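The values are calculated or read from the model by the stated rules, or taken from the named source; none is laboratory data. Since this is a predicted model, take the numbers as computed values, not measurements. Cβ coordinates were reconstructed from backbone atoms using ideal geometry, including for glycine residues, and neighbour counts include every protein chain displayed.
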Amino acid sequence: MRLHLLGQACIMYDKTRGKYVYVRTDLLNFTDITRVWSEVAGKDAVYVPVSAESFKELWGPAGQEMAMQYDSGELWDDWPTLKPSEVCEPKELGIQDDQLADFRAHLASLRAHLTA
């Protein structure tokens, strides 16, 4: 069963207002993300780290924001314990873990777009 999480978050606005809806199913580093993408897409890929400065130079202010998010994701990989009062977990919205797709399954559902 595929759930539209955004729909659930909107329906249960009283629980999600002002909070992050935490739906991560996997804790993967960028090398693992690239490996899984390559396997699912059937294309060769290699993760090549770049500096935050290079990311900003390539993408402008949005690149700087993305680099900051990537860095903070490495520092705080468990958001619910960082600021529990600011996080809403799927179970609070009536969504069970087995109803969420992991990273590989989600990519597989998008395979046609990955290989176009």
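Key figures
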{"quantity": "Number of positions in region 18-77 that are touching a Leu at 6+ places or on another chain (Cβ under 8 Å) and among the hydroxyl-bearing types (S, T, Y)", "calculated": "1"}
{"quantity": "Meets criteria (acidic (D, E), part of a helix (DSSP H, G or I) and closer than 19 Å to G18 by Cβ) for E92", "calculated": "yes"}
{"quantity": "Hey, S38 of a type in the set (S, T, N, Q), modelled with pLDDT of 90 or more, surrounded by 14 or more Cβ atoms within 10 Å (Cβ to Cβ) and part of a helix (DSSP H, G or I) or not", "calculated": "yes"}
{"quantity": "Members of region 45-85 that are in a helix (DSSP H, G or I), modelled with pLDDT of 90 or more and among the aromatic types (F, W, Y)", "calculated": "W59"}
{"quantity": "Some residue of region 53-68 being surrounded by fewer than 12 Cβ atoms within 10 Å (Cβ to Cβ), outside the structural domain of F103 (by TED's automatic domain parsing) and closer than 26 Å to A105 by Cα", "calculated": "no"}
{"quantity": "Search result, residues across region 10-30 that are surrounded by 12 or more Cβ atoms within 10 Å (Cβ to Cβ) and among the hydroxyl-bearing types (S, T, Y)", "calculated": "T16, Y20, Y22, T25"}
{"quantity": "Region 79-104, residues that are charged (D, E, K, R), touching a residue at least 40 places away in the same chain (Cβ under 8 Å) and either touching a Leu at 6+ places or on another chain (Cβ under 9 Å) or surrounded by fewer than 14 Cβ atoms within 10 Å (Cβ to Cβ) (or both)", "calculated": "E86, D97"}
